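Engineer: My questions will all concern the structure given below.
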Amino acid sequence: MSSSSDLANALAYCRGKAAPPGSSLYYSTLFIPPRLRADLHAVHAFGQELTGVLEECSDPGVMRVKFSWWREELARLFQHKPRHPVSLALADVLRRHELVSGQLVRMIDGMEALVTPLPWNELLPRLEQGPGRLWQITAQMCGSRARETPGMALTAGSLITGFQRLQQSPRALAAPVSGIADHYRTIQEGLEHFSQVLPATDHAHQLPLLIMARLVSRTCAEILRGSGNTDRRVTLTPLRKLWIAWRLQHRYRR
């Protein structure tokens, strides 16, 4: 059994991994209760660990070995024997949220399917099964009310993670650079549509996803305003992120 100091260290690790100050997830979770915020950071840190395998390794064989290790670590987690700080934090999360092992295992399967670069029309569906699933889990943890919300969160999550892949790992996309601006436009339009059609009963509960969708949409707009220049990574300033997050929480607060 882990001590309270072990858990505190694990939560701090997850916070630093998934939502360091100034990051989009930091502002997306800024206006929710601290306990839920820590739980979301733990789940997203798990996603970051898996994404790191794709971003930091160039050998598909090494990637698969690392994904296999995470499958083993999940098995240890559900046997109450976690080793990794993220797993230790997730053990605490599982006591409050009905996350089942299958969801997390399917995330690994979905991530492993991204080892080979894919064209855009094939990438988005694969993202739904891997990193995009993070946002479906997020929606469930935040307490979705409408039946259609988890599915909408999954679609929005694939767009958010598609954006992140374009920004962080261009080699993940098997497409000419000249067409990437169109992909940013697709992401922007898709996330704006999501924000418009999300059931009103879930606006307050889905604040993290609504804020993240707006931050990504606004960043895409900045990229497109620069003629889709993909030679540099475009980000919003922390002050602008804070302003967007504050306005949305003010609009959708309970």
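Please treat every number below as a calculation from the coordinates, not as lab data. Since the structure is predicted, the reported quantities are computational estimates derived from the model, not experimental observations. Note that each Cβ is placed from the backbone with ideal geometry, even for glycine, and that neighbours are counted across all protein chains shown.
Engineer: Report Rg(Cα)/(2.2 N^0.38 Å) for segment 56-98, keeping two decimals.
Structural biologist: Scaled against compact globular proteins, the figure is 1.35.
Engineer: Can you compute the helix-only [θ] at 222 nm over the chain? Use -39500 (n - 2.57) per DSSP H run of at least 4 residues, normalise by all residues, nearest 500 deg cm²/dmol.
Structural biologist: -22500 deg cm²/dmol
Engineer: Compute the length gained on full extension between Ser101 and Trp69: take 0.36 nm times their separation in residues and subtract their Cα-Cα distance, giving the result in nm to one decimal.
Structural biologist: Length gained between Ser101 and Trp69: 10.0 nm.
Engineer: For segment 186-200, take each phi angle, set θ = phi - 60°, evaluate the Karplus expression 6.51 cos²θ - 1.76 cosθ + 1.60, and give the result in whole Hz per residue in order, putting x for glycine and proline.
Structural biologist: Computed from phi, the couplings for segment 186-200 are 4, 5, 4, 5, x, 6, 5, 5, 4, 4, 7, 9, 4, x, 4 Hz.
Engineer: Among 73-81, 20-28, 133-141, how do they line up from the highest to the lowest mean number of other beta-carbon atoms within 10 Å? Provide the component values of the computation, followed by the final result.
Structural biologist: On the way: 73-81: 14.8, 20-28: 18.7, 133-141: 23.4.
Ranking, from highest mean packing down: 133-141, 20-28, 73-81.
Engineer: Can I ask one more? Quick one: Kirkwood hydrodynamic radius for segment 1-102, alpha-carbon pairs, angstrom, one decimal?
Structural biologist: 14.2
Engineer: Sorted from largest down, what three extents in whole angstroms do the Cα atoms of the chain have along their principal axes?
Structural biologist: Sorted from largest, the Cα extents of the chain read 54, 48, 33 Å.
Engineer: While we're looking at this one, here's another question. If I model a spin label as a point 7 Å beyond the Cα along the Cα-Cβ vector, how far apart are those points for Val197 and Asp6 in nm?
Structural biologist: 4.6
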